1. Taking B:Val76 as the residue in question, decide whether it is assigned by TED's automatic domain parsing to the domain that holds B:Ala196 and within 27 Å of B:Val23 (Cα to Cα).
2. Just name the residue that is nearest to B:Met312 (Cα to Cα) out of those in the stretch B:213-229 that are surrounded by fewer than 21 Cβ atoms within 10 Å (Cβ to Cβ) and in contact with a helix residue (DSSP H, G or I) (Cβ under 7 Å, 6 or more places away or on another chain).
3. Identify, please: which residue in the stretch B:9-30 is loosely packed, with under 11 Cβ neighbours inside 10 Å and facing another protein chain (nearest Cβ under 10 Å) and is, among those, modelled with the highest pLDDT?
4. Hey, could you check the stretch B:156-173 for residues that are in a helix (DSSP H, G or I) and touching a helix residue (DSSP H, G or I) at 6+ places or on another chain (Cβ under 8 Å) and say which is surrounded by the most Cβ atoms within 10 Å (Cβ to Cβ)?
5. Since B:Ala176 meets every condition but one in (1) within 25 Å of B:Ser42 (Cα to Cα); (2) in a loop (DSSP other than H, G, I, E, B); (3) within 14 Å of chain A (Cβ to nearest Cβ), which condition does it not meet?
6. Would you say B:Val112 is over 21 Å from B:Ala176 (Cα atoms) and either free of Cβ contacts under 8 Å to residues at least 40 places away in the same chain or in the same structural domain as B:Val185 (by TED's automatic domain parsing) (or both)?
7. Just give me the residues in the stretch A:274-295 being assigned to a helix (DSSP H, G or I), within 18 Å of A:Leu231 (Cα to Cα) and without any contact (Cβ under 8 Å) to a residue 60 or more places away in the chain, in sequence order.
8. Quick check on my filter: what residues within the stretch B:116-131 are of a type in the set (A, V, I, L, M, F, W, C), more than 8 Å from every other protein chain (Cβ to nearest Cβ) and under 19 Å from A:Leu132 (Cα atoms)?
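The values are calculated or read from the model by the stated rules, or taken from the named source; none is laboratory data. Note that the structure is predicted; figures quoted are calculated from it, not measured. Reconstructed Cβ throughout: ideal geometry from the backbone, glycine too, with neighbour counts over all protein chains shown.
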Amino acid sequence: MSKAAETLPGPAPVPGQAPGRGAVAGYLGGIRDVVVLELKQRLRSRGWYIMLAVWLVLIALVTAITWAGWNAAMESRAVMPVPDGMPEPQGPGSAIFEVVLAFVLLFALLVAPALSANAVNGDRAGGTLAILQVTLLTPGQILWGKFCAAWLVAIAFLAASTPFLVFAVLLGGLSAGHILVSLLMLVVEVAVICAIGVGISALAGRPLFSIVVTYLAVAALVVGSLIAFGLGVQLTRGTVLANQPVYPSMEFGPGSAPGPFNPEYTCEGPLVEQEAFHTERVAWLLAMNPYVVVADAIPYPERTAPVYYYSGGMIENISQGARSAIAGPDGTYTCANGQVQPQYLGQSTPLWPLGLTLQVALAGLLLWLGWRSLVTPARHLAVGTRIA
Amino acid sequence: MSVAEIPEATRAPLASGVSAVGVSRRFGTVHAVEHMDFDAPSGHVTALIGPNGAGKTTLLLMLASLLQPDSGTITVDGLDPAVDTAAVRRRLGWMPDTLGVWESLTAREILVQMARFYRLPKAGIDARVAELLALVRLEELAGQPARVLSKGQQQRLSLARALVHDPSVLLLDEPAAGLDPGSRVELRTLLRNLAAAGKAVVVSSHVLSELDEIADGAVFVNRGRTVKHQTVEDAAKQGRRYAITALDPAALAAKLTEMGLEFLPGTGRRPSVSLMLNHDDGAAALLRELVTSGIAVVSFGPASGALEETYMNLDTERK
């Protein structure tokens with residue numbers, strides 16, 4: 001070697017030789033380097049700051065309008081008689097929180113594909129992917145780095161919306177736990193979408209195509225899961241053994257004494273087969289809906305008031321609806337198997353772990369397929385793609 | 001690179017260069033490379049020459065450990081890219097023909113990132129990057145985003161990027177494209193110095209006259225096949241076409257006819273003739289003869305580079 005060559009730093013030790021923690025640290029270090037590159041490359045384009053500003057303005061508008069709407073509703077309520085037993089209004093916090101949360105999730109679901117769905121094939125089109133592949137970075141490091149970068153930017157968007165969620169809590173009715181759990185679930189949901197986007201971008205040849213497909217995947221999770229559930233329920237027609245409920249004579253409405261909450265009826269007579277939909281067979285479709293996952297994970301107080309008057313928040317209704325779907329007729333049909341059914345499903349049977357598991361499985365599958373397409377030396381190339 | 005830094009397990013005959021034996025690769029039904037042989041020993045600059053679509057880039061991608069050949073073997077310093085991928089990549093510097101730069105990053109940041117991707121010791125990165133920026137004369141633009149660099153400057157940045165980990169094998173796909181004449185001369189000097197430092201340098205290019213000055217040997221490919229291996233010395237010995245112009249073209253033609261030499265009317269703007277001469281001695285003798293016989297010779301020189309001559313004679317399958 002020449003003298004000039006000797007002054008150069010030269011290669012570092014071969015990776016994988018260092019045992020245990022050194023190898024892990026090296027792997028994570030590679031991911032961090034890719035994240036740094038991605039963030040530098042992305043964050044310096046002004047478009048994202050404009051988008052972040054638009055995001056802030058939109059959420060501020062939604063918060064303000066919801067608050068104004070709540071105030072208007074309270075004014076009209078003040079001049080009208082309130083039925084007894086009606087739960088006291090919880091303050092605007094709950095309503096604003098739910099609306100803002102729903103919008104933040106909506107916007108997050110819309111922004112995450114834009115952040116992630118051209119991460120790999122955008123680089124391929126720009127000729128920079130092969131530059132990474134020819135270095136010591138492994139396909140996994142490239143993929144995880146791109147995922148983490150997209151996720152971090154998505155988290156920045158979520159962080160920008162935190163003040164509005166905190167504002168909703170400060171208005172009353174909610175605990176800091178709501179903020180923490182809902183933000184945590186939002187972060188997890190955007191992670192799922194980012195992973196789906198990065199996976200698809202590694203598989204698809206063109207950025208435009210992968211972005212469209214990722215948006216379709218989001219639409220499939222949000223809307224398609226509902227449609228599929230609705231259609232699927234039609235196929236689950238079956239029977240359930242039940243007998244007749246007998247309600248004690250009891251007046252409802254103003255003046256009625258708040259009786260014992262559960263049970264308010266008894267089941268009598270012979271068990272006969274009744275027609276019912278076995279919703280539990282297709283409830284997993286519903287569980288994949290990001291709204292269901294987020295709503296179901298957020299804690300809400302156990303109800304103690306009679307259910308007829310109960311009107312919970314949106315989050316609570318989504319959660320209860322989904323839980324009754326997974327419980328199926330055996331758990332929800334009146335007097336199924338001669339049992340008195342609780343009309344309010346407890347929180348001991350959460351649905352979100354199932355939904356999240358399915359979402360993570362989908363995202364994991366796409367990431368794995370994407371990883372395979374990044375392995376070099378490449379054996380198979382997708383039709384019409386060039387490696388560089 | 002010192003031998004001590006390389007673990008025993010991956011230690012191979014150091015710097016033996018890069019070679020491919022019987023390599024084939026097809027994309028769908030297109031046979032991009034068919035049973036190609038290629039050898040680029042260390043310490044030499046090897047030119048990879050062929051028309052568009054001949055399979056040059058596909059071959060370089062396979063040599064660069066990005067594409068797996070369908071059949072055949074590739075060795076980089078004695079290592080198989082598919083097996084010892086990391087060890088091979090540590091030795092490989094690859095400059096693609098597409099100009100992929102991270103547009104928002106500055107030239108310095110790009111080189112720092114590359115150094116990190118190659119896991120160079122952190123302490124040495126700044127010095128190494130400064131050294132490379134000086135090498136490709138981009139110090140003044142080091143703080144500018146890569147998107148404001150001109151094509152030639154991006155090309156030089158791309159070269160620096162390929163050199164960041166001091167590879168022992170350099171694969172350069174069209175490195176001279178877009179470079180101004182001054183930068184081309186610098187590139188030539190740089191590549192000669194790298195070869196002199198014991199590296200195997202592979203250059204693919206269409207600009208053949210330039211390769212005469214840079215390359216020690218050439219591999220000609222066409223239609224996915226290796227057509228010819230040749231050193232530049234051999235190319236020069238095979239004879240080449242000379243172009244001669246004189247003040248009186250008619251007198252020149254008469255003299256050449258009298259000497260019994262076959263010649264063709266020239267293709268250039270000025271009235272000239274061209275003829276094949278087998279070696280430089282013959283050229284010197286002819287020039288002496290023409291001058292002494294009173295022909296006013298204005299110019300006398302090779303009409304094409306030695307490699308260009310071979311290339312143009314390979315009209316076997318050229319269309």
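1. On the way: assigned by TED's automatic domain parsing to the domain that holds B:Ala196: yes; within 27 Å of B:Val23 (Cα to Cα): yes.
Yes, satisfied.
2. The residue in question is B:Lys228.
3. B:Gly28
4. If we filter the stretch B:156-173 for residues that are in a helix (DSSP H, G or I), which is where we start, we get B:156-163.
If we keep only those that are touching a helix residue (DSSP H, G or I) at 6+ places or on another chain (Cβ under 8 Å) too, we end up with B:156-157, B:159-161, B:163.
Working: B:Arg156: 27, B:Leu157: 24, B:Leu159: 22, B:Ala160: 22, B:Arg161: 25, B:Leu163: 23.
Checked the stretch B:156-173; the qualifying residue surrounded by the most Cβ atoms within 10 Å (Cβ to Cβ) is B:Arg156.
5. The failed condition is (3).
6. Working: over 21 Å from B:Ala176 (Cα atoms): yes; either free of Cβ contacts under 8 Å to residues at least 40 places away in the same chain or in the same structural domain as B:Val185 (by TED's automatic domain parsing) (or both): yes.
It is true that B:Val112 is over 21 Å from B:Ala176 (Cα atoms) and either free of Cβ contacts under 8 Å to residues at least 40 places away in the same chain or in the same structural domain as B:Val185 (by TED's automatic domain parsing) (or both).
7. A:Thr279, A:Glu280, A:Arg281
8. Hit for the stretch B:116-131 is B:Val129, nothing else.
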